[in-house]
Amino acid sequence: MQFSGNVAYTKKREWEGYLMPRTLSEALSLLEEFKGEARIIAGGTDLVVQNRGGSMQTKGLVDITRIPGLDGITLDKDTIRIGCLVTHTKVTESLLIREKAMALSESASRLGSPQIRNMGTVAGNIVNAQPGADTTIPLLALDASVKVVSKGGERVIPLTELFTGVGKTRIDSTREIVTEISFPALRGNESSASFRLAKRRALVLPILTVAVALSADVKKKRFNSARIAVGPVAVTPMRCTEAEKVLAGSPINEEIIRKSAATAAAAANPRTSLIRGTKEYRQAMVAILVEKAIKLALERLEGHHGQ
Amino acid sequence: MGNETVKFTVNGKGVSLEVEPGDMLVDVLRERLGLTGTKAGCREGECGVCSVIMNGTLVASCILPIKKAEGATILTIEGLEANRELHLVQKHFIDNGAIQCGFCTPAMVLAGKALLDKNPRPTREEIQLAISGILCRCTGYQKIIKAIDSASKSGKRGEV
C-alpha cells in the first residue's frame, strides 16, 4: 500500500550531512560548501517538521547551537540584544525582558509547549516568517531589527522591512545567518502588552496575536506614540500604522482607544480558515484584542510593574 | 549502520553509536538502545509522548536530530528509579491511579520530575502548564495533576 500523501510517519530525514561548527565563520564556510543546498538549524522545531519529506528538503544542515556567545540577553546602553540561540524559555524567564519588554515575555511564554519553548529560538521564529509568529508580533511592536551576517559582512534589517511573503524574508538562508535581535529597551513612560487568541492554551497556532508598545504621559492623560502589530491577518506580520496614528498625541480616553482598535481591525485582512475561524469573527476580534492590549499597557504604565 | 558517531550519556551510562544524520533521538532510544518507554506519537513535536529530559530540560525527542545529543546527558523513564526504588513522582502516579492506557505516562512522569526539580512546590496552574505539551489520549489529566501535586506535597524530594 502506498501512502504517498502522508509523510507524517517518515522517521528519517534525508540529510547527507549534519554539521556542528564551533565558530560563525566556520558555519558560513559550510553554507558556501553546500552551494545553496544547506540550511541553518538551531532549535529545529520548525525545520525538522518541514523536512519530513516533500517540500523544504535540504541536503545539509549546519547546526549553530554549539557556537559560543550567541545565547545571551543583554542590555547594551538602551538597547536590548538577544542572541540567535536564545530559546523561548530563556526569554520567558528573563527578568530584563519582563521589565523592559513585557509583550515579548508574555508572547514567548504562550508559544507552542514547554518542550517547544525549551528547544526553539526566537530568531528561528522570526526567520521562519509565519505571519502570526508569536514572538515576531511583539518584536514588531518593540521596533526590533535583526543582524544578518554573511561572508561579505553584516547588515541590520528592521523587522518592518524583513518579510516579503508567507515564510519568506529578505534573508538569503543559503549564505546568511541571523546572529542577533535588537530593540530599544522601553523607558519609564513606555510600556507594552500582548494577547493571543487560540482554541487552547498549548500546541495550537494562534487564531490571532496582537501586541502594543506605547509611550504616554499618564498624568496629562495623553498618548505620545504607539506601535501596534497584529498577525496572522496578512501575508506578513503586520504593523497597524493608521491605528498608531490615531493614538499619537491624542488624549487617553475610551473613544480614542476604541477608534484606534477599530482602525487596526479595518486594516487587517484575515482569511476564513477551518482552524482559525471566519474572516468576520477574526476581524472583529482584532479590535477587541487591540483595545485590551492598549488598556493593559496603560495599566502597566500606571502600576509600574513591568513594561 | 550509520556513517557518523555520536556519544552521549543516557540514564547514567555512556553510549557511543554509529548513526545517520537524519536519525531522530526517539528512534535511537527505542530501536538502538531498546529504551521503549519513550513513545513515538505524532512525530512532529505536537503530542509530547516522546518527551525526555536532556541536560535538565524537557525536550521532544521525535524532532531532535540525533547529533544534537552529542555530549548530552539524557534521562528517560527507564532511568528514573534508583536502587530498585521508584521515583517519588512514579509512586504518586501509582497511588493516585494516574494511569489509563499508559501511552503518555512516561512523558507525564518526566514532565512532573522536570517541574519539581525546578519548582518543588508548584501551584495547580504551574502543574497544568508543565504537562501542557503532552497529550493524554484517555483525557485523564485530573489524576495526573493530582499525582504531581501530591508528590510535591509529600515532603520528600526525588533523587535521581
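The values are calculated or read from the model by the stated rules, or taken from the named source; none is laboratory data. What you see is a predicted model, and the numbers here were worked out from it, not measured in a lab. Every residue, glycine among them, receives a Cβ derived from its backbone with ideal geometry; neighbour counts consider all protein chains shown. SASA here: full protein model, heavy atoms, side chains in, ligands and nucleic acids out. Shrake-Rupley method; radii C 1.70, N 1.55, O 1.52, S 1.80 Å.
Checking each residue in the range A:66-99 for being of a type outside the set (A, V, I, L, M), within 25 Å of residue A:21 (Cβ to Cβ) and in contact with a helix residue (DSSP H, G or I) (Cβ under 7 Å, 6 or more places away or on another chain) picks out A:84, A:87, A:88, A:89.
Of all the residues in the range B:140-154, those that are surrounded by fewer than 17 Cβ atoms within 10 Å (Cβ to Cβ) and under 17 Å from residue B:119 (Cβ atoms) number 2. Within the range A:167-189, being open to solvent by less than 30 Å² (accessible area, probe 1.4 Å), under 27 Å from residue A:301 (Cα atoms) and either in contact with a His (Cβ under 6 Å, 6 or more places away or on another chain) or assigned to a strand (DSSP E or B) (or both) holds for A:181, A:182, A:183. Within the range B:59-90, the residues that satisfy the criterion of being open to solvent by less than 10 Å² (accessible area, probe 1.4 Å), of a type in the set (A, V, I, L, M) and in a strand (DSSP E or B) are B:59, B:60, B:74. If only residues of the range B:91-104 that are open to solvent by 10 Å² or more (accessible area, probe 1.4 Å) and assigned to a helix (DSSP H, G or I) are counted, the one that is farthest from residue B:43 (Cα to Cα) is B:95.
Scan the range A:212-244 for residues that are open to solvent by 40 Å² or more (accessible area, probe 1.4 Å) and over 23 Å from residue A:282 (Cβ atoms) and jot them down. Scanning the range A:212-244 gives A:217, A:218, A:219, A:220, A:221, A:222, A:224, A:225. Looking at B:85, B:81, B:46, B:126, just one residue is in contact (Cβ under 8 Å) with a residue 40 or more places away in the chain and of a type in the set (Asp, Glu), and that residue is B:46. Listed by first and then second residue, the pairs with beta-carbon distance under 9 Å, at least 6 apart or on different chains, first residue in the range A:64-75 and aliphatic (A, V, I, L, M), second assigned to a loop (DSSP other than H, G, I, E, B) and exposed (fewer than 12 other Cβ atoms within 10 Å of the Cβ), are A:67/A:22.
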